[in-house]
1. Could you count how many residues in region 1-35 are over 21 Å from residue 119 (Cβ atoms), touching a helix residue (DSSP H, G or I) at 6+ places or on another chain (Cβ under 8 Å) and at pLDDT 85 or above?
2. Looking at (1) touching a helix residue (DSSP H, G or I) at 6+ places or on another chain (Cβ under 8 Å); (2) touching a residue at least 24 places away in the same chain (Cβ under 8 Å); (3) exposed (fewer than 15 other Cβ atoms within 10 Å of the Cβ); (4) assigned to a helix (DSSP H, G or I), which is the one condition that is false for residue 44?
3. Would you check if there is a residue in region 94-107 being under 14 Å from residue 17 (Cβ atoms), in contact with a helix residue (DSSP H, G or I) (Cβ under 8 Å, 6 or more places away or on another chain) and modelled with pLDDT of 95 or more?
4. When both residues are 6+ apart or on different chains and their Cβ atoms are under 6 Å apart, which pairs have a first residue that lies in region 107-123 and is within 23 Å of residue 82 (Cα to Cα), and a second that is surrounded by fewer than 15 Cβ atoms within 10 Å (Cβ to Cβ) and modelled with pLDDT of 95 or more?
5. Is it the case that some residue within region 69-77 is under 20 Å from residue 11 (Cβ atoms), free of Cβ contacts under 8 Å to residues at least 40 places away in the same chain, in contact with a helix residue (DSSP H, G or I) (Cβ under 9 Å, 6 or more places away or on another chain) and surrounded by 16 or more Cβ atoms within 10 Å (Cβ to Cβ)?
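The values are calculated or read from the model by the stated rules, or taken from the named source; none is laboratory data. Predicted model, so just to flag it, every value in this text is computed and none were measured. Don't worry about glycine lacking a Cβ; one is built from the backbone with ideal geometry, like all the others, and counts go over all protein chains shown.
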């Protein structure tokens, strides 16, 4: 796709949520344009989800990146398991902000919800870049 004469190119990176991968996450976040935060839907994983999300915000702050300026979506994965938390509970834990972001239920190993998450972050990024390019061009009446 071409926007204002520029070809778009997407590079996708995944990083595990465990604390031992913090340095890797910081390296990947340096050039981040958008984020899909994938949370495990199992009840017992809720504390880890919250910790990982807080770590994401901390890493962005460390890198002097403003979290509010980065488009992101939430993906609630493993929805096929019997011990999943209700979506409303996950929304309360991870999307409880003044401005909520799009969230998607997913079962990645069945390819359910994954394309929808990627499609939405792509749309948000393209809209952000279009808006930025429109602001950088002087408008004449």
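1. Total satisfying the criteria: 4.
2. Only one criterion is unmet by residue 44, namely (1).
3. Yes; the residues of region 94-107 include at least one that is under 14 Å from residue 17 (Cβ atoms), in contact with a helix residue (DSSP H, G or I) (Cβ under 8 Å, 6 or more places away or on another chain) and modelled with pLDDT of 95 or more.
4. Partner pairs satisfying both residue conditions: 107/80.
5. yes
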